[in-house]
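Notes for the one structure printed next.
Since every read-out is calculated from the coordinates, none of them should be taken as a lab result. In this text the structure is predicted, and so the values were computed from the model without any measurement. Ideal geometry is used to build each Cβ from the backbone, glycine not excepted, and the neighbour counts take in all protein chains shown.
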Amino acid sequence: MTLSPLTSEAKAILLELAANLEELTLDDYTERIALLGNASFGEHTRHIIELFQQLNEGYASGHVDYDNRKRDKRLQENIDFALETLAILISDLCKPDKEIYLTTLYNNQKSQVKTNYGRELMYNIEHCIHHQAIMKIGLLSIGKKPVNDSFGYAKSTLVYKQQCAQ
């Protein structure tokens, strides 16, 4: 089956995350970094993974609620478990688009909007890039370089930078 551009991008972003995680020691992964508000790479990774998991689970039921995720500490404390979970997510990305409902809490009230799998996959891609940008700051602060220069950049930013360089 040929992957859609959106699915290919989601896969690439998650593979890029995994490649960077593979360069970390367990101590690096779990260390709280002051520059990141005392968050760890593991906490950022857990957050990314759990939103993708919520989308996968919500796809089946037709209802996604990112606020109501499990917050599994194993994802932030065990780098191997996080990498295994990322591999599962990557293998489960290719789904046909369908309408779903997104539920979230605003002003102590649940709100629900109609959306679709493709739109939510886009959200997760952009959300992942946002956290990768934060993680890039952390990597540099501990003397590690991301595995590639695109880590933490939106594709539109990379295209713009390339146009400016010409």
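For the reader, a short list of remarks on this structure follows.
- Residue ID - surrounded by the fewest Cβ atoms within 10 Å (Cβ to Cβ), chosen from residues in the stretch 147-166 that are charged (D, E, K, R) and assigned to a helix (DSSP H, G or I): Lys161
- Entry remark, the stretch 86-102: residues being touching a residue at least 60 places away in the same chain (Cβ under 8 Å), part of a helix (DSSP H, G or I) and closer than 22 Å to Asp65 by Cβ number 2 in total.
- Residue match in the stretch 3-19 (condition: closer than 20 Å to Arg69 by Cβ, part of a helix (DSSP H, G or I), in contact (Cβ under 8 Å) with a residue 60 or more places away in the chain and over 12 Å from the mean Cα position of the chain (by Cα)): no
- Single unsatisfied condition, Asp28 versus (1) surrounded by 16 or more Cβ atoms within 10 Å (Cβ to Cβ); (2) acidic (Asp, Glu); (3) more than 26 Å from Ala154 (Cβ to Cβ): (3)
- The lone exception for Ile137 - which of (1) touching a strand residue (DSSP E or B) at 6+ places or on another chain (Cβ under 6 Å); (2) loosely packed, with under 15 Cβ neighbours inside 10 Å it fails: (1)
- Scanning the stretch 135-146 for residues that are in a loop (DSSP other than H, G, I, E, B) and basic (Lys, Arg) returns Lys144, Lys145.
- Counted residues, the stretch 103-134 - those being touching an Asp or Glu at 6+ places or on another chain (Cβ under 8 Å), under 25 Å from Ser156 (Cβ atoms) and either part of a helix (DSSP H, G or I) or of a type in the set (D, E, K, R) (or both): 4
- Considering residues of the stretch 41-64 that are small (Gly, Ala, Ser) and surrounded by fewer than 20 Cβ atoms within 10 Å (Cβ to Cβ) only, the residue farthest from Thr103 (Cα to Cα): Ala60
- Count of the stretch 20-55 residues which are farther than 30 Å from Lys114 by Cβ, within 18 Å of the chain's Cα centre (by Cα) and aliphatic (A, V, I, L, M): 4
- Residue match in the stretch 87-107 (condition: of a type in the set (S, T, N, Q), within 20 Å of Thr7 (Cβ to Cβ) and surrounded by 15 or more Cβ atoms within 10 Å (Cβ to Cβ)): no
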